[in-house]
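Notes for the one structure printed next.
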């Protein structure tokens, strides 16, 4: 009888242990080259692996919509996302939750989207009949169509839908296309646009402060216990450790939740492709 009970206990505990997922699939944000994007999170990933005895696998996607699909089919457990992709995903898949928000170099978790142009280029007024060319990042980038449309409407009474626009797949590409004279305007993140000021780029409009980028978990593929462990480990990393890292984790994190993003109204139809042929 004792042997039977022992066998039952071993099978029971093994089943519980097996149900706890030990390998986690992480998708970084598709804004830079794959190698740089992954490198930015290697130190943080290694720290979590050592603290929690887990394996973190990188799942690199070039497009936001592929990351969103990965959450839905549960092939992605963890992702680094901006506000628009997060809210877009949450509206379609309520089993997603941001757990920590990353600080910038100035200590703030907020940022702005901007519209930029080359300083020598003439910017027409709202009465201009000719469409202007606008370079965007990606369809689901917060500083892409979403905020560029809003800023053009609010600041210049210009409807982006009536202009010529295309997706260049990154903030850097959008800004470079302005420097090269391929587009008149570019929508981008403020900190990235400022890096191009020495090349003659000037910011002509900026948004209000937006909630920052966050680490987002899949509540369907991860248990609440795993989520709590990941959150607690990240929030308790000593500054002496994370300050030596690179990328977004290097400035520390604060706890967050989906409620911090409720103010982001995304009731807008975002074209998935540009209109330049």
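Some observations on this one:
- Qualifying residue in the stretch 34-50 (condition: surrounded by fewer than 20 Cβ atoms within 10 Å (Cβ to Cβ) and assigned to a loop (DSSP other than H, G, I, E, B)): no
- Residues located in the stretch 235-254, provided they are surrounded by fewer than 15 Cβ atoms within 10 Å (Cβ to Cβ) and touching a helix residue (DSSP H, G or I) at 6+ places or on another chain (Cβ under 6 Å): 246
- Number of the exception - residue 120 against (1) in the same structural domain as residue 37 (by TED's automatic domain parsing); (2) in a loop (DSSP other than H, G, I, E, B): (1)
- Taking the criterion of being within 30 Å of residue 212 (Cα to Cα) and at pLDDT below 90, the only residue of the stretch 124-138 that qualifies is 138.
- Those residues of the stretch 115-162 which are without any contact (Cβ under 8 Å) to a residue 40 or more places away in the chain, touching a helix residue (DSSP H, G or I) at 6+ places or on another chain (Cβ under 8 Å) and more than 20 Å from residue 266 (Cα to Cα), in sequence order: 125, 126, 131
- The lone criterion from (1) under 17 Å from residue 264 (Cβ atoms); (2) in a helix (DSSP H, G or I) left unmet by residue 98 is number (2).
- Residue in the stretch 114-140 that is surrounded by the fewest Cβ atoms within 10 Å (Cβ to Cβ), counting only those that are in contact with a strand residue (DSSP E or B) (Cβ under 8 Å, 6 or more places away or on another chain) and under 23 Å from residue 86 (Cβ atoms): 139
- Annotation: of all residues in the stretch 51-95 being assigned to a helix (DSSP H, G or I) and over 15 Å from the mean Cα position of the chain (by Cα), the one that is surrounded by the fewest Cβ atoms within 10 Å (Cβ to Cβ) is 91.
The values are calculated or read from the model by the stated rules, or taken from the named source; none is laboratory data. These figures come from a predicted structure and were not determined experimentally. A quick note on method: Cβ atoms are made from the backbone with ideal geometry, for glycine too, and the neighbour counts reach across all protein chains shown.
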